[in-house]
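Engineer: Quick one: the structure is below, and I'll ask about it shortly.
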Amino acid sequence: MRIYVCVKQVPDTSGVVAVNEDGTLNRASMQTIINPDDLVAMEQALMIKDATGCQVTAVTMGPPPAEGMLRELLAMGADDAILISAREFGGSDTFATSQIIAAAITYTGLNDEDMIFCGRQAIDGDTAQVGPQIAEKLNLPQISYAAEIKKEGNEVTVKRMLEDGYMMIKQQTPCLVTCISDQDSHPRMMSIAGINAAYKKPYTVLDFETLKDEPLIELDKIGLKGSPTNIFVSFTPPLKGIGVMLEGNDKKTTDKLASMLLEKHVI
Amino acid sequence: MDFSLTKEQAMLKKLAAQFAEEELEPVAAEIDETHEFPVENFAKMVKLGFTGIGVKEEYGGTGGGMLEKVIAVSEFAKKCMASAATLSIHLIAPHTIQDFGTEEQKQKYLPRLTKGGELGAFALTEPNAGSDAAGVKTVAVYDEATDEYVINGTKCFISGGARAGVLVIFAMTEPKMGTRGMSAFIIEAGMPGFTYGKIENKMGIRGSETAELVFEDLRVPASNMLGKKNGGFKIAMKALNAARIGVAAQAQGVADEAIALAVQYAGERVQFGKPIAALQGIQWYIADMATKTEAARNLTYYAAWLADSGKDFMCEAAMCKYNAAENARFVVNLALQIHGGYGYMHDYPLERMYRDAKITEIYEGTAEVHKVVISRAVMNK
Ligand SMILES: Cc1cc2nc3c(=O)[nH]c(=O)nc-3n(C[C@H](O)[C@H](O)[C@H](O)COP(=O)(O)OP(=O)(O)OC[C@H]3O[C@@H](n4cnc5c(N)ncnc54)[C@H](O)[C@@H]3O)c2cc1C
Ligand SMILES: Cc1cc2nc3c(=O)[nH]c(=O)nc-3n(C[C@H](O)[C@H](O)[C@H](O)COP(=O)(O)OP(=O)(O)OC[C@H]3O[C@@H](n4cnc5c(N)ncnc54)[C@H](O)[C@@H]3O)c2cc1C
């Protein structure tokens, strides 16, 4: 059994956020971290590994320096790592990103008992689309918002957290699960033994040459050219002015509030 | 000459920093207040492999050497000096057993110390034997009938002594011979005749317990002698020599953190209409603190490099410890000064760091003893 965990290296938004002239993020000038939801997905996979001894594979699409992040995931306990990286893949939006990741997983092989874990969403792009799109492109069932995942044989039981409660779902593998973080999710730290092994574990780079014969890889479906999303402008929204405070708990104050709301066509 | 860390060392630094921030910092003030050894945090150090640094993997260790110890200890010291002291001192026991133990002793004791969750301790000091280790009064008498040594005496100021599972202790096997009559032994908690006296109430590193150990007809199998009979003084000096680089790392970490706190505070504190960071007097403090701390770091790294390369490092270990400890007191003092009255308050970490930093000038050889070592090495060249 193998679990692919899709991880994205994202800019550390607690630092400086830099934007290029064309409106895209200037990723090179920013510190990077592992997308927080993806760390949770990795922890979920490692807990299943602890229980079953399955193989956990970290997968990312990104520039070559993303290797550092993959090595840290190997030091946490992942068994092997795959970096999908090529000029042709640059500038991909969610559609193209999921296309390429799906192709890489097909190329590497997805068996009946395997699963793919993603974070729910990346803190930079923030769309929460890549996971579900990978599932669609691989024609796999998908379960989103997973908080607990249990695997028995070829069946997985997932607790989905919803706004007003939770839902338990049973599903046959192979399938794709997107994971959410909450207060109770504490991704484990690396260990020193893990660090010692990190640069000795299998590490694969999948470039365009390797993947080009995959049916999902077509030049008009990958990279900037294959991305239906165009960024016309990116900007920091202007701050809204401070609100108006009305004080008092009498009828006069509520009347005033009602008339102000009426004036603004709120009621 | 290459000053860069390997990729693995850089990852270790990141892990140690994360551990210090997420696990050590949240309890640092509390254990200072309550004087309690953080049992859970020690267990977490074990789980992540910190307690096996410098010990071969075949004995349950996590490999690496002196530089790895320096990296981990100094990151810990940024957030909690007591925990940095605990790790640094714990490691003396497994390192000494690895260096001087028989294969049987290594098989038996190292896995317990590296990954088994047992704390290690190193007991040399006695009420009348501090800087002058030759003054040790604890005696070990051989009993031929049982092939055991019978140990009697008292040790004082032993870090972790009352919690340790495995201890390296020193006793006179030939009392008239002075330093040439001392032997080292491995003892275990719970051995009949081994009890604990008082736990000291200290100025700093209060989350590291300092205990009195009492040996009353403590019977230790002769096979637990570490190294040769009457060879204990050499073992003690070699062990302390290596341990000193760990103390320098403690001093390094607390100095680094003090600078970071001072820079941050100076940028935020406004007096006379501008942040005090805009005052040249404060800027020059920061420049002095940063320069001396960088110099101290490089001397410590150099001593660690000598140790890891198998070269003689006795003089450099003494130098780096003496210098880093003095620097820690200098830097923490100025950082507290930059904080003004707030720095003197219990609510700010500097007050604790100021008390904690002082120990680095005292244990594992005082500053004065280091000057003796250094001057001897330099003048006898
Ligand atoms: C408005 C907008 C602006 C954008 N600006 C830029 C830009 O400036 N520069 C730029 O390079 N791209 C930009 N993109 C592209 C965007 O960063 C990519 O589409 C990204 O690969 C995935 O989208 P997301 O961040 O929304 O991920 P989400 O869909 O939120 O991620 C969900 C999960 O999918 C997985 N995942 C996502 N991306 C990867 C990956 N690369 N490798 C492995 N797993 C992954 C992770 O498990 C993640 O938790 C932009 C996209 C949009 C919609
Ligand atoms: C918190 C703490 C933890 C400790 N942990 C341990 C431990 O785990 N194991 C252990 O074995 N010991 C431990 N010690 C003991 C420590 O190593 C000794 O306190 C230290 O070596 C000094 O010995 P002393 O206290 O007897 O001082 P003394 O030796 O009495 O020194 C008093 C003063 O005289 C000076 N002096 C002494 N000799 C000379 C000289 N030749 N030239 C110039 N000046 C000199 C000293 O520098 C000092 O200023 C610990 C001590 C403390 C405070």
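The values are calculated or read from the model by the stated rules, or taken from the named source; none is laboratory data. Just so it is clear, the model here is predicted, and its values are computed rather than measured. Here Cβ is always computed from backbone atoms with ideal geometry, including for glycine, and neighbour counts include all displayed protein chains. These accessible areas exclude ligands, DNA and RNA; they are computed on the full protein's heavy atoms, side chains included. Shrake-Rupley method; radii C 1.70, N 1.55, O 1.52, S 1.80 Å.
Engineer: Taking chain A as the reference, fit the longest principal axis to its C-alpha atoms, fit the long axis of helix A:94-108 to the helix C-alpha atoms, and give the angle between the two in degrees, 0 to 90, nearest 10.
Structural biologist: The answer is roughly 20 degrees.
Engineer: Please list, in chain and number order, the residues 5+ apart from A:ASP114 or on another chain whose amide H is under 5 Å from its amide H, with Hs placed from the backbone.
Structural biologist: A:ARG2
Engineer: Can you list the residues in the stretch B:30-67 whose accessible area drops by at least 50 Å² when all protein chains are present, compared with the chain alone? Use a 1.4 Å probe, heavy atoms only.
Structural biologist: Residues losing area: B:LEU48, B:THR62.
Engineer: From the phi of every residue in the stretch A:149-162, what ³J(HN,Hα) in whole Hz does the Karplus formula 6.51 cos²θ - 1.76 cosθ + 1.60 yield, where θ is phi - 60° and glycine or proline is x?
Structural biologist: Karplus values, whole Hz, x for Gly and Pro: 10, 10, 10, 9, x, 9, 10, 10, 10, 10, 9, 8, 8, 10.
Engineer: Can you give the angle from 0 to 90° between the axis of helix A:251-263 and the longest principal axis of chain A, with both taken from C-alpha atoms, to the nearest 10?
Structural biologist: Once rounded, one gets 60 degrees.
Engineer: Same structure again: Along the stretch B:59-66, what does the Karplus equation 6.51 cos²θ - 1.76 cosθ + 1.60 (θ = phi - 60°) give for ³J(HN,Hα), rounded to whole Hz, x for Gly and Pro?
Structural biologist: With the stated coefficients, the stretch B:59-66 comes to 9, x, x, 10, x, x, x, 5 Hz.
Engineer: Let me ask something else. List residues of the stretch B:249-271, by number, whose backbone nitrogen lies under 20 Å from a label position 7 Å along Cα→C-beta of A:LEU239.
Structural biologist: Of the residues in the stretch B:249-271, B:268-270 have backbone N under 20 Å from the label point off A:LEU239.
Engineer: Hey, what did chain B get for relative contact order, percent, Cα under 8 Å, at least 6 apart?
Structural biologist: Here the relative contact order equals 16 percent.
Engineer: Round to a whole number: what % of the accessible area of the protein assembly as shown belongs to carbon and sulfur, probe 1.4 Å?
Structural biologist: So the carbon and sulfur contribution to the accessible surface is 54 percent.
Engineer: Going by a ≥ b ≥ c, the root eigenvalues of the Cα gyration tensor, does the protein assembly as shown fall in the rounded group (a/c under 1.5), the prolate group (a/b larger than b/c) or the oblate group?
Structural biologist: Verdict is prolate for the protein assembly as shown.
Engineer: Enter the angle in degrees (range 0 to 90, nearest 10) between the Cα long axis of helix B:232-268 and the first principal axis of the Cα atoms of chain B, meaning the one along which they spread out most.
Structural biologist: 20 degrees
Engineer: Find me the longest stretch of chain A that has none of the exposed chymotrypsin sites (Phe, Trp or Tyr not before Pro), where exposed means in a DSSP loop (not H, G, I, E or B) with at most 16 other Cβ atoms within 10 Å.
Structural biologist: A:1-198
Engineer: Between A:GLY62, A:GLY243, A:GLY165, which gets the highest mean-square fluctuation from a Gaussian network model of chain A, Cα cutoff 10 Å?
Structural biologist: A:GLY243
Engineer: What residue among B:GLY116, B:GLY61, B:GLY273 has the largest mean-square fluctuation in a Gaussian network model of chain B, using Cα springs under 10 Å?
Structural biologist: Greatest mean-square fluctuation among the candidates belongs to B:GLY273.
Engineer: I want to check the label-to-label distance for B:SER375 and B:LYS234. Put each point 7 Å from Cα in the C-beta direction and report it in nm to one decimal.
Structural biologist: Once both label points are built, they end up 2.8 nm from each other.
Engineer: While we're here: At 1.4 Å probe size, with every protein chain present, just tell me what the per residue accessible area of the stretch A:2-226 comes to in Å².
Structural biologist: Per-residue accessible area for the stretch A:2-226 comes out at 47 Å².
Engineer: Using a 1.4 Å probe and counting only protein heavy atoms, how much accessible surface gets buried when A and B come together, both sides summed, in Å² to the nearest 100?
Structural biologist: Buried: approximately 1300 Å² between B and A.
Engineer: For the stretch B:27-57 and the stretch B:82-148, write down the distance between their C-alpha centroids in whole Å.
Structural biologist: If you average the Cα positions of each part, the centres end up 19 Å apart.
Engineer: Follow-up question, since we're still on this one. Loop only by DSSP, 16 or fewer other Cβ within 10 Å of the Cβ. Give me the trypsin sites (Lys or Arg not before Pro) in the stretch B:257-365 that pass, ordered by residue number.
Structural biologist: Hits after loop and neighbour filter: B:ARG269, B:LYS311.
Engineer: What's the longest bit of chain A with no exposed GluC sites (Glu not before Pro), using DSSP loop states and at most 15 other Cβ atoms within 10 Å as the test?
Structural biologist: That gives A:22-162 as the longest site-free run.
Engineer: Under a point-charge model restricted to the Cβ atoms of Lys and Arg (+1) and Asp and Glu (-1), what is the dipole moment magnitude of the protein assembly as shown relative to its Cα centre, in debye to the nearest 20?
Structural biologist: In debye, rounded to 20, the protein assembly as shown gives about 1480.
Engineer: Between B:ALA287 and A:ASP182, what FRET efficiency follows from the Cβ-Cβ distance if R0 is 60 Å, with the result rounded to 0.05?
Structural biologist: The formula returns an efficiency of 0.85 here.
Engineer: Within chain B, what is the longest stretch that has no chymotrypsin sites (Phe, Trp or Tyr not before Pro) placed in a DSSP loop and near at most 11 other beta-carbon atoms within 10 Å?
Structural biologist: In short, B:4-271.
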